[in-house]
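Heads up, the thing below is written out as structure tokens.
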Amino acid sequence: MITPENIAKAVQILKQGGLVAFPTETVYGLGADATNPSAIAKVFSAKGRPAHHPLIVHIAEVSQLNDWAVDISADALKLAKAFWPGPLTLVLKKQNQVLNSVTGEQDTIGLRIPNHPIAQALLEAFAGGLAAPSANRFTHISPTTAEAVQEELSTKVDMILDGGQCAVGLESTILDMSGAKAKILRPGMISAEALARVLGYDVSFADAQETTRAPGMHRLHYAPKTSTQVCSLEQIKSEIQTMNNAEFPIVCVLHSETHLPHHDGVHYIKMQRQPELYAHDLYRTLRLLDQQGFQHILIESVPEEKEWDAIRDRLSKASQSRPQVHLTSKL
Ligand code: TXA
Ligand code: MG
């Protein structure tokens, strides 16, 4: 239970330059006073995050936008009105006084009003901007429960506000509104279509060069420690048949209605078929599987439809650069 006393204590810690992890509707954030350079330095060191990766600043009200951003277009305000509080981060031209350590030395800033009663109570009581990256160590899976924050950061965080499991389960959609046209820097559960409906024009994804501005976009991220691979159902079936004993036990994360042949070394997890429900469960499931000593996690690839974009993006990040399953390995 979060009480007004908990919130008051959290605010006190933040005002003194400490770190408070708090729930949002997407994932848990590691909050720090966005105007306090030493608090921001602590965020980078707690996460083990490279210094040039910009942080999202969380605010309570649209009226606070002007404290952080300049040249805010009518389109940006339309989006804020349509989707805030909610899982959308707007990248805007920054105010002069915003700390360089918050923006990764860029001339833009990411801003968001989260939709969670605890986050809102905290932001209102704090009455300022909270820089809050996801409350995980760099490259790890974002936490969607307070227990996961504890696992990730333990003593590195001064207080964790427990708001139960996050409703959305994947990080916010990041939309660059600092140029003439909106560009998606990171897909999230607010889709390109939903954004286009409000803006009245098709919204494209930023190309690889542009996404260097959102570093989480283009390197290993959101990754279990266990070797993880995304494959079609057919590949999973043939994998199981060709794998040698040393490669078991494995776990297959499926979402389609199917029956795979029984095999002692193969465990199955059935995910929900609707993207919102799948997203809600994904990180929690991966985190649990990561603790169970599997040799490999094989994830059934998800549909090509747009509403799966954010999930497909995170699965592809989760399965990069770690040791891969040898598709035709023999001893
Ligand atoms: O849902 C979320 O967005 C969560 C919750 C806690 O709000 N936060 C989150 O923060 O995912 P983080 O730091 O883990 O990921 C933020 C991403 C990073 O990839 C960062 O590079 C990008 O946002 N970003 C932040 N400010 C930016 C800017 N000014 N321009 C481009 N990308 C930016
Ligand atoms: Mg993150």
Exercise. Roughly how tilted is helix 117-126, in degrees to the nearest 10 and between 0 and 90, from the longest Cα axis of the chain?
Worked result: 30 degrees
Problem set entry | Rg/Rg_ref, segment 227-330, where Rg_ref = 2.2 N^0.38 Å and atoms are Cα | 1.02
Exercise. For the chain, what is the percent of antiparallel DSSP beta bridges, rounded to the nearest 5?
Worked result: 40 percent
For this session: Note the angle between two axes, namely the Cα long axis of helix 233-242 and the longest principal axis of the Cα atoms of the chain, as a number of degrees from 0 to 90, rounded to the nearest 10.
Result: 50 degrees
For this session: Any chance you could give the angle, 0 to 90 degrees and rounded to 10, that helix 275-290 forms with the longest Cα principal axis of the chain?
Result: 70 degrees
Exercise. Cα gyration tensor of the chain, axes a ≥ b ≥ c as square roots of the eigenvalues: rounded (a/c below 1.5), prolate (a/b > b/c) or oblate?
Worked result: prolate
Problem set entry | Three-way shape label, segment 123-253, alpha-carbon gyration tensor, a/c 1.5 | oblate
Seminar exercise, completed: Protection proxy (average C-beta count within 10 Å per residue), highest first, orders 103-115, 50-62, 255-267 as 103-115, 50-62, 255-267
For this session: Kindly flag which residue pairs out of K94/K181; K81/K181; K9/K78; K47/K183; K93/K156 have an alpha-carbon separation exceeding 24 Å in this structure.
Result: K9/K78; K47/K183; K93/K156
Exercise. Remind me, what semi-axes does segment 146-208 give for its equivalent ellipsoid, largest first in whole Å, using sqrt of 5 times each Cα gyration tensor eigenvalue?
Worked result: 33, 13, 9
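Quick note: the coordinates plus some simple rules give every number you see, no bench work behind them. Keep in mind that this is a model prediction, so the values were computed, not measured. So basically every Cβ, Gly included, is an ideal-geometry build from the backbone, and we count neighbours across all protein chains shown.
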